[in-house]
1. Picking from A:A115, A:A143, which residue would you name as being hydrophobic (A, V, I, L, M, F, W, C), at pLDDT 95 or above and either over 17 Å from the mean Cα position of the chain (by Cα) or open to solvent by 10 Å² or more (accessible area, probe 1.4 Å) (or both)?
2. If I go through the stretch B:113-157 residue by residue, how many of them are of a type in the set (D, E) and at pLDDT 95 or above?
3. Inside the stretch A:61-78, can you point out the residues that are in contact with a Leu (Cβ under 8 Å, 6 or more places away or on another chain), assigned to a loop (DSSP other than H, G, I, E, B) and open to solvent by 10 Å² or more (accessible area, probe 1.4 Å)?
4. Within the stretch A:41-59, can you find the residues that are more than 16 Å from A:I131 (Cα to Cα), open to solvent by 30 Å² or more (accessible area, probe 1.4 Å) and facing chain B (nearest Cβ under 7 Å)?
5. Name the single residue that is nearest to the chain's Cα centre (by Cα) among those in the stretch B:147-198 being of a type in the set (D, E), surrounded by 15 or more Cβ atoms within 10 Å (Cβ to Cβ) and farther than 15 Å from B:Y69 by Cβ.
6. Is it fair to say B:R88 is in contact with a Gly (Cβ under 7 Å, 6 or more places away or on another chain) and either crowded, with 18+ Cβ neighbours inside 10 Å or at pLDDT 95 or above (or both)?
7. Collect the residues in the stretch B:136-187 that are of a type in the set (A, V, I, L, M, F, W, C), more than 14 Å from chain A (Cβ to nearest Cβ) and in contact with a Lys or Arg (Cβ under 8 Å, 6 or more places away or on another chain), keeping them in residue-number order.
8. Might you check whether a residue that is surrounded by fewer than 23 Cβ atoms within 10 Å (Cβ to Cβ), farther than 27 Å from A:G117 by Cα, touching a Lys or Arg at 6+ places or on another chain (Cβ under 6 Å) and away from every other protein chain (no Cβ under 11 Å) occurs anywhere in the stretch B:63-76?
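The values are calculated or read from the model by the stated rules, or taken from the named source; none is laboratory data. Computed from a predicted model, the values in this text were never measured in an experiment. With ideal geometry, Cβ positions are generated from the backbone for all residues, glycine too; neighbour counts draw on all protein chains shown. All accessible areas refer to the heavy atoms of the entire protein, side chains included, with ligands and DNA or RNA removed. Shrake-Rupley method; radii C 1.70, N 1.55, O 1.52, S 1.80 Å.
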Amino acid sequence: MNTPAARRLGALLAALPLVAVVSACRQQPQAPSPAVEDAWVRAVRRPRTPPPGGVNSAAYMTLRNGGAQAARLVGATSPAADSVQIHQSTVENGIARMRRVDGLDLPPGGAVRFAPGGYHVMLLGVHRSLIPGDTVRITLHFASAPDIKLQVPVQ
Amino acid sequence: MKKRVVRTLVVTVAALVVVVVVMTVAQRRVYDFHGTYFDPAAPAADFTLRSADGPVHLSDFAGKVVVLYFGYTYCPDVCPTTLDHLARALHAAGDPNDVQVLFITVDPARDDAARMAEYVHQFSPDFIGLTASQDTIDAVAKAYGIYHKKSDDSDTHYTIDHTATITVVGRKGLVRLLWPPDLTPQQMAQDLEALRRR
């Protein structure tokens, strides 16, 4: 019974469930979206005649990818601002820099914290003053997961 | 026998009191600043800049502790965080009227005096926002070792890389302290209280 052919058959049979799992995953069109925790937007006052370039603010949160697949944040939109960009601030040797990032990878089980002095969702040219107690609608877009629509409190 | 016990007790207590007093005094002497403390310290360069209420000189605040922070109002992250921490620090220190925060723009092309006032008053009604011509700002920034550079060529949506270190000028007009931007408001408040005692 313990011939090479039988061993091959055994290995094949053992691998079957794995094939089933892989194909099941393939059939799933989209991965679940990451979870958002502790989101807030920085309060800003917008003067009646805003300065050229507008008044900016930033949103902060923690993005947690509880799924089994990597997720990639590729952008955000909001009806409350002219445009929304993902930015990263760094402070090195006392010098603060801010750069736009194209996207942000969230490995399976991983989390990215958007916090002052680091990653932030920058709201460029806000359309109104953002007052503590208000909420701001922000939608996060992912490469291969559904959008997340948020109502983010202003602080 | 009883007398000896009492005497020993009295001597022990007295010794403890002396130790505590000496330690307290020593601790006050060698308060360890969270920022970089300078002693001897160099005189802070005087300047004339514009606020929404008219010209402002550093020398206007002689006898006060002056906190100088360079940034710009379009900065949505590091600058507002630092100004918020400064407001909290002053509040934690009891909002002393002998400490003045000055926010100096490194972006005079976009930040006029009215905009600076509007911006800083979001954090504290007592903060003063200052601007000037690009040449004057460059000269003041240089005098305080503040690096600043536009990061791209867009006319309206550029950001500026800039030194985010905070300069604290003592009551006698000397540069006494440099704070890295990541200190907590409590650490800043402790430093301010120590500096005001000197």
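1. Being hydrophobic (A, V, I, L, M, F, W, C), at pLDDT 95 or above and either over 17 Å from the mean Cα position of the chain (by Cα) or open to solvent by 10 Å² or more (accessible area, probe 1.4 Å) (or both) holds for just one of A:A115, A:A143, which is A:A115.
2. 3
3. Passing the criteria: A:A70, A:S78.
4. Correct list: A:P52 only.
5. So, considering only residues that are of a type in the set (D, E), surrounded by 15 or more Cβ atoms within 10 Å (Cβ to Cβ) and farther than 15 Å from B:Y69 by Cβ, the one nearest to the chain's Cα centre (by Cα) is B:E193.
6. No; evaluated as a whole, the condition is false for this residue.
7. Across the stretch B:136-187, the qualifying residues are B:V168, B:V169.
8. Among the residues of the stretch B:63-76, at least one is surrounded by fewer than 23 Cβ atoms within 10 Å (Cβ to Cβ), farther than 27 Å from A:G117 by Cα, touching a Lys or Arg at 6+ places or on another chain (Cβ under 6 Å) and away from every other protein chain (no Cβ under 11 Å), which makes the answer yes.
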